């Protein structure tokens, strides 16, 4: 698994259920937890504190509050490295980190050979990201489409004709999606659709729209072919 995705998963889990109980960790998992604490993506500023009008200072430039924050920071790191259970809380920096990781994982993606849908290699990562972002208020819908009869076209009219049909099919799927989600070429005529923040009813409506576009295209092509035959 991509290390960035693993970090995003842990940060998202902490954000959803702060305080997040983290048990004994080892190896890469322990390193990741220590990294989040060390960079103050979790637990920073999470201390009980009483305000003083004239707070006393310890070392030059260090107040009691700063000393307490540093002590809590080191104590959390010590527990993680020592294999003890700790409670983790997301911080503002952690929420910014979640947004940065999501953006990075979504950037630099490749398109299918026609330049219409996303390449299949991005489907699993993008799906995992929207799953982490989903909630009861912001559900995610996933759909799979395939095109019947493509093999017959390839066998009778050649793969160039099949490519024309595939391209039209991808275009209709993309047009139906508009800005409601992303489409992926999963291989051959298999298409995957990811619709974040989309209810089941909205997803069904979008898929029906894609099918309608295909039906209109087929009818138009049949009419055009009939006119050619008459000539």
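List of remarks:
- Residue that is modelled with the lowest pLDDT, among those in segment 185-231 that are within 21 Å of residue 159 (Cα to Cα) and in contact with a helix residue (DSSP H, G or I) (Cβ under 8 Å, 6 or more places away or on another chain): 217
- Within segment 115-151, if we keep just the residues that are touching a residue at least 60 places away in the same chain (Cβ under 8 Å), touching a helix residue (DSSP H, G or I) at 6+ places or on another chain (Cβ under 7 Å) and in a helix (DSSP H, G or I), the residue that is surrounded by the most Cβ atoms within 10 Å (Cβ to Cβ) turns out to be 129.
- Positions within segment 76-96 being in a helix (DSSP H, G or I) and loosely packed, with under 14 Cβ neighbours inside 10 Å, in sequence order: 78, 92, 95, 96
- So residue 193, is it surrounded by 15 or more Cβ atoms within 10 Å (Cβ to Cβ) and in a helix (DSSP H, G or I): no
The values are calculated or read from the model by the stated rules, or taken from the named source; none is laboratory data. In this text, all values refer to a predicted model and were calculated from it rather than measured experimentally. Cβ sites come from the backbone with ideal geometry, for glycine too, and all protein chains shown count toward neighbours.
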